[in-house]
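In what follows, a structure is listed as C-alpha cells, so that the remarks can point back to it.
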C-alpha cells in the first residue's frame, strides 16, 4: 500500500477557488541530494497566488502542491545528503541561489 498525505493541490491555473485539498496524495521519496519533510506548518502568500493565477513566461508543471514557506521534520534522506538526519526539525528557505524560488 502506498503511503499518502494531505496536500493543497493546484491542477489548473485560475483562481484560488481552483485549489483542492486532497487527502490521498502520494508521499514523495527522497531523490539524490534531497530530503523529504513532514510539513508541520506552511504559508499561503503572494507568490502562491501568482502561481495559482499563472505567471507569464514561467512554466509550472501541473499538478503542483502549493506552499513555498514551510517548517517541519525530515523523514527521509536522499543519497548523498550529509549534515542532516531523519528527525531534524527544519525551516525551509525557498530561495535557491542562482535559480530562484523552489517549491
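The values are calculated or read from the model by the stated rules, or taken from the named source; none is laboratory data. Quick caveat, the model's predicted, so the values are computed rather than measured. Cβ atoms come from the backbone with ideal geometry, glycine included; neighbour counts cover every protein chain shown.
The set of residues from region 75-89 being free of Cβ contacts under 8 Å to residues at least 24 places away in the same chain and in a loop (DSSP other than H, G, I, E, B) comprises 82, 83, 85, 86, 87, 88.
In region 90-103, the residue that is surrounded by the most Cβ atoms within 10 Å (Cβ to Cβ) out of those that are part of a loop (DSSP other than H, G, I, E, B) and on the phi < 0 side of the Ramachandran plot is 103.
When the criteria are applied in full, residue 24 meets the requirement of being surrounded by fewer than 12 Cβ atoms within 10 Å (Cβ to Cβ) and farther than 20 Å from residue 96 by Cα.
If we scan region 66-89, do we find a residue that is surrounded by 13 or more Cβ atoms within 10 Å (Cβ to Cβ), under 18 Å from residue 101 (Cα atoms), out of contact with any helix residue (DSSP H, G or I) (no Cβ under 7 Å at 6 or more places or on another chain) and modelled with pLDDT under 95? Looking through region 66-89, at least one residue is surrounded by 13 or more Cβ atoms within 10 Å (Cβ to Cβ), under 18 Å from residue 101 (Cα atoms), out of contact with any helix residue (DSSP H, G or I) (no Cβ under 7 Å at 6 or more places or on another chain) and modelled with pLDDT under 95. The set of residues from region 15-74 being free of Cβ contacts under 8 Å to residues at least 12 places away in the same chain and part of a helix (DSSP H, G or I) comprises 17, 46, 50.
Count of region 61-99 residues, restricted to those that are out of contact with any strand residue (DSSP E or B) (no Cβ under 8 Å at 6 or more places or on another chain) and closer than 27 Å to residue 17 by Cβ, is 1. Being surrounded by 14 or more Cβ atoms within 10 Å (Cβ to Cβ) and under 21 Å from residue 96 (Cα atoms) is a property that residue 62 lacks.
With respect to the stated conditions, residue 19 is modelled with pLDDT of 90 or more, in contact with a strand residue (DSSP E or B) (Cβ under 8 Å, 6 or more places away or on another chain) and surrounded by 15 or more Cβ atoms within 10 Å (Cβ to Cβ).
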